[in-house]
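For reference, the structure discussed in these notes is given below.
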Amino acid sequence: MKSLGTWTKAIIYMVIFVVVLLLIPQPIDWKAHFGKDSDNPYGGALIYESLDQIFTQGIEINNRPFYLSLDTILEEQQNLVVVTNYFALDSLDRSKLLEYVDRGNDVFITGQYYDNQFLELFGLRTESMLNGTYTNPDYSYANFGNSQIKQDTSYSFKGSHYEWYFEKIVKDSLNSAITAISWGDDIDKPNYVKVNYGDGTLYLHSNPIAFTNYHLLKPDNERYIGHAFSHLEDRVTVWDEYYKPQRVDAEKGILHVIVSKPALRWAYWIGFVSLFLYILFMAKRTQRIIPVVEPYVNDSVNFMKTMGGLYYKQSNHSDIAIKKIKIFQDYIARTYYIRDFKNNEKYVLLLAQKSGHDRQLVEKILKLIDRVRNDDHVSEGLLRILNKNINTFYRR
């Protein structure tokens, strides 16, 4: 009892310790997630929830790479929205995305970093203003060129650390027209461009932080998001959840998630050490004697023998014969699927073929059955002959 009490106290202390760890306020996670389920400052929960107010034709979710998902898109045209920190595609995904745009769909992509091979297809590259005339590296700025939506004061977004913009380069590029939509403090350095490609359009944006929870809480920035998406048509819109930073973390496995959280990490190690100590000290504890359990006895056979003997001693041969015939008919129905039990030429031939017995045995059994049914009294000799022939039929 003393040992049990000690272990009980230890478990209670560990539970209290874990609960206290879970109740301690966790530091705010300022990591950029951009996912639709992330309510962190740089998560995408608010922008995802507001999409159905901007695009009223319906919102869908993509959780697969483009080479798998874009092939399943129906004939009607759609929008595709990608918000991430680093947008990079392999050759297969890149080819499927371009085919998707060429068919008349519009794609909006905002990322702080882009795969150079992707941008070079349109004669573009990204540059930062960190080493230029950028006076406040903790903020990035944006404003629109259209006078109807342009503000006197630029929109500001905290947390970008430095501002990226698109720059044209002299290289062989696809046949596409590029138009600047918005830029920062320098009109020669756009951060939002429109690229016409085939029958569709690519909208490339270089400041994904603007599309996060933290900045959507500011009314001015909420207007910026609405104006940015106003260039896309109101139609079915696909929100991408595959090309996100957290996908890389998810691929690391459940153990990575556990050790990345202080409370879960403590709980994991406490549980591991507790299990080790339990095995070490309690593996040889005294156990009560395991009782011997007698095997189950099937008394059905003995019961049937007793009942059969009782019928036989009472000389109730007719009742025994009738029950024997019913059991035989049930056996024929379950084994050979013959339910129309008749003593005629067709039935004799069918039963003989399915059972593999001689026709003479089948005819003999059926005649004995008819005799039992027609006689008012069944003798012991007739019952023995019927039983013998039916048992012969069973042994096949």
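Just so it is clear, none of the values below were taken in a lab; they were calculated from the coordinates. Quick caveat: nothing in here was measured; it's all calculated off a predicted structure. A quick note on method: Cβ atoms are made from the backbone with ideal geometry, for glycine too, and the neighbour counts reach across all protein chains shown.
Go through LYS168/LYS244; LYS342/LYS388; LYS313/LYS364; LYS324/LYS367; LYS31/LYS96; LYS36/LYS168 and tell me which ones have a Cα-Cα distance over 23 Å in this structure.
Values: LYS168/LYS244 27 Å; LYS342/LYS388 21 Å; LYS313/LYS364 27 Å; LYS324/LYS367 15 Å; LYS31/LYS96 30 Å; LYS36/LYS168 32 Å.
From LYS168/LYS244; LYS342/LYS388; LYS313/LYS364; LYS324/LYS367; LYS31/LYS96; LYS36/LYS168, over 23 Å: LYS168/LYS244; LYS313/LYS364; LYS31/LYS96; LYS36/LYS168.
Put a dot 7 Å past each Cα toward the Cβ at ASN116 and ASP152; how far apart are the dots in nm?
4.4
In which sequence would THR392, THR126 go, from the one with the fewest C-beta neighbours within 10 Å to the one with the most?
THR392, THR126
Under the 0.36 nm per residue contour assumption, what length would be gained going from the current alpha-carbon distance of GLU380 and ASN316 to full extension?
22.1 nm
Find how much the distance from ARG339 to THR56 grows on full extension, using 0.36 nm per residue of separation minus their present alpha carbon separation; answer in nm with one decimal.
95.4 nm
So, R0 is 35 Å and r is the distance between the beta-carbons of GLU49 and LEU92; what FRET efficiency does that work out to, to 0.05? Could you put the intermediate results ahead of the total?
Values: r = 32 Å, r/R0 = 0.92.
According to the calculation, E is roughly 0.60.
Can you tell me the order of 92-100, 32-40, 79-87, 321-329 when each peptide is scored by its average per-residue count of other Cβ atoms within 10 angstrom, highest first?
My ranking of the peptides, most packed first, is 79-87, 32-40, 92-100, 321-329.
On a straight-distance basis, which aspartates and glutamates could pair with LYS189 in a cross-link, Cα separation under 12 angstrom, same-chain partners fewer than 8 positions away excluded?
Filter leaves GLU127, GLU163, GLU167.
I need to check one value: relative contact order of the range 302-394, counting alpha carbon pairs closer than 8 Å and at least 6 residues apart, in percent.
Numbers: 55 pairs, mean separation 30.5, N = 93.
Here the relative contact order equals 33 percent.
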